[in-house]
Amino acid sequence: MIRIWKSAFWGYILWPLSILYRAGWILRNQLYRWGILSSIRLDTKVIGVGNVTVGGTGKTPCVERMSHLLRERGCRIVVLSRGFRRKRRGSVVVSDGEKINVNYRQAGDEPMLLAKSLSGIPVIVGKNRAKTGRLAVKNWKIDVLLLDDAFQNKQLKKDLDLVVMDSTNLWGNGRLLPAGPLREPLKGLKRADAILLSRVNEQRVSEKDARRIQELSGAKIFSAIHKPVHFVSIQDKKKYELDTLRNKKGIAFAGIGNPDSFQKTLRSVGMVLIDFLVFRDHHGYQPADLKKIIQRAESQKAEVLVTTEKDHVRLPPYWNPPIPAYVLKIAFEIQKGFQELNQLLDSVLTPQKEGGI
């Protein structure tokens, strides 16, 4: 879709559908104003992490980082996610904090990644956040519900709305779906309590764009990077330093929202990227895909294969490629405004702490 959004021709063709999309967005908001649709308040703090565009802004790594910040404060957390493109309907407890109960096809790749990364934190998926929120409150003693991909979701009243915006592609062509990447008009940013600009190390946000974000939202603005941490071997599951792949000729593959960023990161750690295979976001890898990857690696005499964490959860567990294969671990590192973000979290949590948490 990204290529289509860069095309003026397709922009004109899809523009009428964007008008219908906008009409639906306006109607939905009006239904909430009229009280036909309603938001519920749960007996716990609710923090949402989301975005205004489709694609890889970095909200899932942000959820992981927020989980660690909240746990450092002694908060008991449950993560709620939608579970995009999962095969199982209804509410599903992906992890109870101790064990994972389903596979990625039943959970969705992003919730599965969170479940694997967040030991001790339950993860639940379900389209109806009010229902999954009640399920969480009923089954666990919790202080905070952390909602992944929740900026447009109004089923739960939130105490804090965090919006992640990709500095390399803030709002694309500025059009609504399907003519562009926007999930809602940019004026929706006024609901945000804080804006997290991701990947600022890859592209600096201009003063003009920063000013526009500030004018649209009136929110606190922070910045973050996607920092490479280490590699994990697919074969032996061990961690390896970033220098392990320095000067190694390798092939990478990914089915994510922002594959260009992944390529840049691999080059930044010294890997010699001789080929890059791009699959659709959330792509479920089939035997034919894996065969294609191996054939490409062998024909180009690649020394290593590399993929992302999100892709790794979609690979079959039996896959054992004949050359060393690695997963790159990425951390969402907040740089500008880290202290202020902590103060913002404290301001949200303090009233509940006074109540005896």
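The values are calculated or read from the model by the stated rules, or taken from the named source; none is laboratory data. These numbers were taken from a predicted model, which means no experiment stands behind them. Quick reminder, even Gly has a Cβ in these numbers, built from the backbone with ideal geometry, and neighbours come from all protein chains shown.
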Problem - Meets criteria (of a type outside the set (A, V, I, L, M, F, W, C) and in contact (Cβ under 8 Å) with a residue 24 or more places away in the chain) for GLN214 - result: no
Completion exercise
If we ask which residues in segment 36-50 are touching a helix residue (DSSP H, G or I) at 6+ places or on another chain (Cβ under 7 Å) and of a type in the set (Lys, Arg), their number turns out to be 1
Handout entry: Qualifying residue in segment 83-96 (condition: among the aromatic types (Phe, Trp, Tyr), closer than 28 Å to SER18 by Cβ and surrounded by fewer than 21 Cβ atoms within 10 Å (Cβ to Cβ))
Key = yes
Exercise for the section: Can you tell me which residue within segment 211-241, out of those that are out of contact with any Gly (no Cβ under 8 Å at 6 or more places or on another chain), part of a strand (DSSP E or B) and among the charged types (D, E, K, R), is farthest from PRO324 (Cα to Cα)? Expected result: LYS227
Exercise for the section: Would you confirm whether any residue within segment 115-125 is assigned by TED's automatic domain parsing to the domain that holds TRP10 and either within 21 Å of VAL52 (Cβ to Cβ) or without any contact (Cβ under 8 Å) to a residue 12 or more places away in the chain (or both)? Expected result: no
Handout entry: Residue check for GLY188: in a helix (DSSP H, G or I) and either over 16 Å from LYS6 (Cβ atoms) or at pLDDT below 95 (or both)
Key = yes
Practice task
Please tell me if LEU290 is surrounded by fewer than 18 Cβ atoms within 10 Å (Cβ to Cβ), closer than 23 Å to ALA107 by Cα, touching a residue at least 24 places away in the same chain (Cβ under 8 Å) and hydrophobic (A, V, I, L, M, F, W, C).
Solution key: yes
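Only one of ALA219, ALA224, ALA194, ALA254 is in contact (Cβ under 8 Å) with a residue 12 or more places away in the chain, more than 20 Å from HIS312 (Cα to Cα) and either crowded, with 22+ Cβ neighbours inside 10 Å or touching a His at 6+ places or on another chain (Cβ under 6 Å) (or both); which?
ALA224
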Problem - Hey, ILE213 within 20 Å of GLY56 (Cβ to Cβ), modelled with pLDDT of 95 or more, in contact with a Ser or Thr (Cβ under 8 Å, 6 or more places away or on another chain) and crowded, with 16+ Cβ neighbours inside 10 Å or not - result: no
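Scanning segment 1-16 for residues that are part of a helix (DSSP H, G or I) and not hydrophobic (A, V, I, L, M, F, W, C), which turns out surrounded by the fewest Cβ atoms within 10 Å (Cβ to Cβ)? Break it down into steps so the answer makes sense when it comes.
First pass over segment 1-16, keeping only residues part of a helix (DSSP H, G or I): 2-5, 8-16.
Keeping just the survivors that are not hydrophobic (A, V, I, L, M, F, W, C) gives 3, 11-12, 16.
Working: ARG3: 7, GLY11: 16, TYR12: 10, PRO16: 10.
Result: ARG3.
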Practice task
Determine which single condition ARG22 fails, assuming it passes every other condition in (1) of a type in the set (D, E, K, R); (2) surrounded by 15 or more Cβ atoms within 10 Å (Cβ to Cβ); (3) closer than 30 Å to LEU341 by Cα.
Solution key: (3)
Problem - Residue that is surrounded by the most Cβ atoms within 10 Å (Cβ to Cβ) [pool: residues in segment 260-282 that are free of Cβ contacts under 8 Å to residues at least 24 places away in the same chain and not charged (D, E, K, R)] - result: LEU273
Completion exercise
Within segment 67-90, the residues that are at pLDDT below 95 and of a type in the set (Gly, Ala, Ser) are GLY83, GLY90
Practice task
Report yes if ASP159 is assigned by TED's automatic domain parsing to the domain that holds LEU42, charged (D, E, K, R), over 14 Å from GLY55 (Cα atoms) and crowded, with 18+ Cβ neighbours inside 10 Å, otherwise no.
Solution key: yes
Handout entry: Residue under evaluation ILE330, criteria (1) among the hydrophobic types (A, V, I, L, M, F, W, C); (2) closer than 30 Å to ASP193 by Cα; (3) out of contact with any Ser or Thr (no Cβ under 8 Å at 6 or more places or on another chain); (4) surrounded by 16 or more Cβ atoms within 10 Å (Cβ to Cβ), criterion not met
Key = (3)
Completion exercise
Note on ILE294: of the conditions (1) at pLDDT 95 or above; (2) not in a helix (DSSP H, G or I), unmet is (2)
